[in-house]
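> Please read through the structure below; I'll follow up with questions.
The values are calculated or read from the model by the stated rules, or taken from the named source; none is laboratory data. What you are looking at is a predicted structure, and each value in this text was computed from that prediction instead of being measured. For neighbour counting, all protein chains shown are included, and Cβ atoms are generated from backbone atoms with ideal geometry for every residue, glycine included.
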């Protein structure tokens, strides 16, 4: 290949072909990769790749019964590689009118196995081809009628009919089912009651003839943004109300809530633009950009990771700081909206692709057009652009999964959907199984001493391993991450005996993920970290992009990669031609839309093949780790690996839909670790409840474990949380031994004032008085008390106050003293915390301080000392349930006054 074999998926097709000619001679097929002998000469390979660029080669010869039988012995992913790299077309003349039930059964098993992979982009190809299998569907019709006539069905026929029904449903969900397919569905509905079986199960999910792909409903239409239609698909909702299947109802509800959550803030922003909001002000803030242009990349061979379209943004229209902040906020998967005017007569939706630094310097942003309305040639014309207020990528991935997932094998449905309260052991935890830790056997009754757990942690450890659905709640500082690490370490050590496959650990934030990996890396190095690169040198070696093993890439995968790239080039060139010849007619416009959709589908197949490569890297690892945002696109990878155990850190901050989307039919053990008394899931719409699966099931009464011994806060600080937030929170001996803060007479203190707040130009709240007080205290602690800059963190609930405090600090402190929002500091701690509460007004509005979850986080970040400044009167009057007990504790400690109790003058 080129000088290195590890960049094969970034090469031009000509380079790749030349490389393959050389490497195919020496590459041996991996074990289990190919069970069927077939000619493998270079001549045959040349003929295959030089045919038209569809990856499904057209030849009419059948696969023999032996070939189909042997293919079914392969792992599903190897079967996929085999059939997709074959010259013979799996979907042409494979089932004929007089074929035996055995052949039909084998062919159905193959199709079902391929479809069950649910590989993005390829799934649609398989289901579309299946729905056009006239001979197959006729054969199934005859089989169904024959078995109904005698009112019984043998096991072989029942399996065939069941799997065909499953594929009919998936084709229906994708909007791909043919008329003949719907006629067969009606026959199922009519004849299924004749069988004493589960043949009728799932048929009610066929609610209406879908004329479109349900996955596309997550994208806003022009009418939606203009408020001319409801933000939900009303027809689908009406059909869904008629469904009695609880899992189908549940999944539909999650999908609609997800769509509402994403679209509501976007619709609201568009309405603001149309109602006369000052566009110039929005432009200066980097929220609205004018005179941007879409340009086509003319050189396919030089495409950076398939960036065919670039967005040209003029940075000179705003300040350097605004442009820099905008670039930092843009990431792959962001949804951009473009229009020719704020009248919104037209609309283009584009998702951000790879944010290549060199291209960004040229003011070029790689994008992929996903939808366009009322606009033909969108290129080389001035456009207005803004981004969706909510990050789109996780919503898209989770919505796609919920739109097409199988509800028949819905993992953990007993607890999530049915509300069952009695929790069973994990299925892989067989009776009598021998567990070991550090080579020594142990039982759940007698845990190893070297786990180093306290009593509540030991109880949680036992319950986590003995419950297939485990919830562990831990207040701040109670060692949730330490417990999670010991659980994962134990599961890894027993993975081979239990047959769990790689353990999957998911977190809400990258910081928490890195923190977990630093700890677990003491026990294993077989870790694969997905998503954004970690800069921590201890764990950067686990980043997916740094692990290069080209020898793991099967030759068949490289062949398919080349074929799909050829198809991508063909569709790109076709679209280029349509744009160049656009004549303004409706027919020409529809041709462009169809070509754009084809190109997007091929691009999805390319992305899927990248992930198939990741499977070969991941299958021998002990642990896969990523954030839930990243995990939303990797569900099919989890299915390929058949991982049985998934652990979520920060589970109470994760939306229910995002957790469900990470489960597979192979999930046998789900562990949720978090604290619903701290931050709840983010919601973009006030109509969507801010409650996690974690909290919902605890409130419903599902048994859970609770940690009660904290190792972070000095006792006088942790006492603020009891009983206002927690009923009980014990302190370890270690926190009672902290030294007093130097030159301060109190380690906890609240400065009371009544100086008014005000709103800044961004409509955020600030309090100049509080900023000044904390800036002076910071100087005192560093200059007089000789604390390090890194010992101190300044927190506030409001971003406006963050900037205000930074400006109040001496210039040389602004880059060394951390000043951050309360929300962003969840899960973190500092030796000394200075807290600005901001709110002080005559109307009694306290905003975020009326939310117990945020109050809990704000008061629980400090280890040695907590110094607060705020208007206590307004807090007590507006939210006495929370703030009255806190004030009582402060008064008991003589910790309220008008100035901080420094021992020497400031």
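> If only one of 341, 275 is surrounded by fewer than 16 Cβ atoms within 10 Å (Cβ to Cβ), at pLDDT 80 or above and over 30 Å from residue 380 (Cβ atoms), which one is it?
Every option except 275 fails the conditions.
> Here's a check for you: in segment 431-442, which residue that is in contact (Cβ under 8 Å) with a residue 12 or more places away in the chain and part of a loop (DSSP other than H, G, I, E, B) is nearest to residue 668 (Cα to Cα)?
This residue is 433.
> Considering segment 813-838 alone, what residues qualify as being in a loop (DSSP other than H, G, I, E, B) and within 18 Å of residue 866 (Cβ to Cβ)?
Within segment 813-838, 817, 822, 826, 827, 828, 829, 837, 838 qualify.
> Looking at (1) within 28 Å of the chain's Cα centre (by Cα); (2) farther than 30 Å from residue 373 by Cα, which is the one condition that is false for residue 600?
If we test residue 600 against (1) within 28 Å of the chain's Cα centre (by Cα); (2) farther than 30 Å from residue 373 by Cα, just (2) comes out false.
> Can I ask one more? Go through segment 697-736 and give me each residue that's touching a helix residue (DSSP H, G or I) at 6+ places or on another chain (Cβ under 7 Å) and without any contact (Cβ under 8 Å) to a residue 60 or more places away in the chain.
Selection gives 715, 731, 736.
> Given the criteria in contact (Cβ under 8 Å) with a residue 40 or more places away in the chain, farther than 25 Å from residue 424 by Cβ and surrounded by 20 or more Cβ atoms within 10 Å (Cβ to Cβ), does residue 679 qualify?
In short, yes.
> Residue 128 passes all but one of (1) within 35 Å of the chain's Cα centre (by Cα); (2) modelled with pLDDT under 90; (3) assigned to a helix (DSSP H, G or I); which number fails?
Against the list (1) within 35 Å of the chain's Cα centre (by Cα); (2) modelled with pLDDT under 90; (3) assigned to a helix (DSSP H, G or I), residue 128 comes up short only on (2).
> From the list 171, 148, 158, which one is under 15 Å from residue 112 (Cα atoms), buried (at least 18 other Cβ atoms within 10 Å of the Cβ) and in contact (Cβ under 8 Å) with a residue 40 or more places away in the chain?
Answer to the selection: 171.
> Sticking with this structure for a sec: Of the residues 471, 520, 539, 503, which is touching a residue at least 24 places away in the same chain (Cβ under 8 Å), surrounded by 15 or more Cβ atoms within 10 Å (Cβ to Cβ) and outside the structural domain of residue 694 (by TED's automatic domain parsing)?
539
> Would you point out the residue of segment 443-454, among those that are touching a residue at least 12 places away in the same chain (Cβ under 8 Å) and in contact with a strand residue (DSSP E or B) (Cβ under 9 Å, 6 or more places away or on another chain), that is farthest from residue 496 (Cα to Cα)?
Taking the candidates together, the pick is 454.
> Please enumerate the residues belonging to segment 126-135 that are surrounded by fewer than 21 Cβ atoms within 10 Å (Cβ to Cβ) and within 22 Å of residue 175 (Cβ to Cβ).
The answer is 128, 129, 132, 134.
> Next question, about the same structure. If you check 798, 787, which single one turns out to be touching a strand residue (DSSP E or B) at 6+ places or on another chain (Cβ under 6 Å) and crowded, with 18+ Cβ neighbours inside 10 Å?
Testing whether each residue is touching a strand residue (DSSP E or B) at 6+ places or on another chain (Cβ under 6 Å) and crowded, with 18+ Cβ neighbours inside 10 Å leaves just 798.
> Specify the residue that is nearest to the chain's Cα centre (by Cα); the eligible residues are those in segment 642-653 that are over 13 Å from residue 680 (Cα atoms) and assigned to a loop (DSSP other than H, G, I, E, B).
Here the answer is 649.
> Moving to a separate point now. Can you go through 771, 739 and tell me which one is in contact (Cβ under 8 Å) with a residue 60 or more places away in the chain and either on the phi > 0 side of the Ramachandran plot or assigned to a helix (DSSP H, G or I) (or both)?
The match here is 771.
> Right, something else. Which one of these is modelled with pLDDT of 90 or more, in a loop (DSSP other than H, G, I, E, B) and within 16 Å of residue 557 (Cα to Cα): 74, 57?
Working: 57 fails: modelled with pLDDT of 90 or more.
The unique qualifying residue is 74.
> Sticking with this structure for a sec: Would you check if there is a residue in segment 29-38 being modelled with pLDDT of 50 or more, in the same structural domain as residue 136 (by TED's automatic domain parsing) and either loosely packed, with under 14 Cβ neighbours inside 10 Å or assigned to a helix (DSSP H, G or I) (or both)?
No; the residues of segment 29-38 include none that is modelled with pLDDT of 50 or more, in the same structural domain as residue 136 (by TED's automatic domain parsing) and either loosely packed, with under 14 Cβ neighbours inside 10 Å or assigned to a helix (DSSP H, G or I) (or both).
> Now for a separate question. Report, by residue number, each residue of segment 725-767 that is within 40 Å of the chain's Cα centre (by Cα), loosely packed, with under 15 Cβ neighbours inside 10 Å and within 25 Å of residue 900 (Cβ to Cβ).
Residue satisfying the conditions is 758 alone.
> Take the conditions surrounded by fewer than 18 Cβ atoms within 10 Å (Cβ to Cβ) and not assigned by TED's automatic domain parsing to the domain that holds residue 801 and apply them to residue 722. Does it pass? Give the steps one after another, and end with the answer.
On the way: surrounded by fewer than 18 Cβ atoms within 10 Å (Cβ to Cβ): yes; not assigned by TED's automatic domain parsing to the domain that holds residue 801: no.
Taking the combined requirement at face value, the residue does not satisfy it.
> Additional query: Tell me, which helices (runs of 4 or more DSSP H) wholly within segment 654-731 include 3 or more residues that are under 25 Å from residue 500 (Cβ atoms) and at pLDDT 95 or above?
Working: elements: 656-660, 693-700, 715-718.
Correct list: 656-660, 693-700.
> Mind listing whichever residues of segment 344-382 are farther than 24 Å from residue 604 by Cβ, at pLDDT below 85 and either out of contact with any helix residue (DSSP H, G or I) (no Cβ under 8 Å at 6 or more places or on another chain) or not assigned by TED's automatic domain parsing to the domain that holds residue 313 (or both)?
Those that are farther than 24 Å from residue 604 by Cβ, at pLDDT below 85 and either out of contact with any helix residue (DSSP H, G or I) (no Cβ under 8 Å at 6 or more places or on another chain) or not assigned by TED's automatic domain parsing to the domain that holds residue 313 (or both): 357, 358, 361, 362, 380.
> Something else about it: Would you pick out the residues in segment 381-406 that are part of a loop (DSSP other than H, G, I, E, B), out of contact with any strand residue (DSSP E or B) (no Cβ under 6 Å at 6 or more places or on another chain) and surrounded by fewer than 20 Cβ atoms within 10 Å (Cβ to Cβ)?
381, 389, 390, 391, 406
> Right, next: Collect the residues in segment 187-202 that are more than 30 Å from residue 121 (Cβ to Cβ) and modelled with pLDDT under 90, keeping them in residue-number order.
Once the filter is applied, which keeps residues that are more than 30 Å from residue 121 (Cβ to Cβ) and modelled with pLDDT under 90, segment 187-202 yields 189, 190, 191, 192, 193, 194, 195, 196, 197, 198, 199, 200.
> A follow-up question, please. If you scan segment 131-176, which residues turn out to be under 39 Å from the mean Cα position of the chain (by Cα) and not in a helix (DSSP H, G or I)?
Across segment 131-176, the qualifying residues are 132, 133, 174, 175, 176.
> Just checking, does segment 319-331 include any residue being touching a residue at least 24 places away in the same chain (Cβ under 8 Å), buried (at least 17 other Cβ atoms within 10 Å of the Cβ), more than 30 Å from the chain's Cα centre (by Cα) and under 26 Å from residue 274 (Cβ atoms)?
Within segment 319-331, not a single residue is touching a residue at least 24 places away in the same chain (Cβ under 8 Å), buried (at least 17 other Cβ atoms within 10 Å of the Cβ), more than 30 Å from the chain's Cα centre (by Cα) and under 26 Å from residue 274 (Cβ atoms).
> Same structure again: Do you know which residues across segment 796-821 are without any contact (Cβ under 8 Å) to a residue 12 or more places away in the chain and closer than 12 Å to residue 834 by Cα?
none
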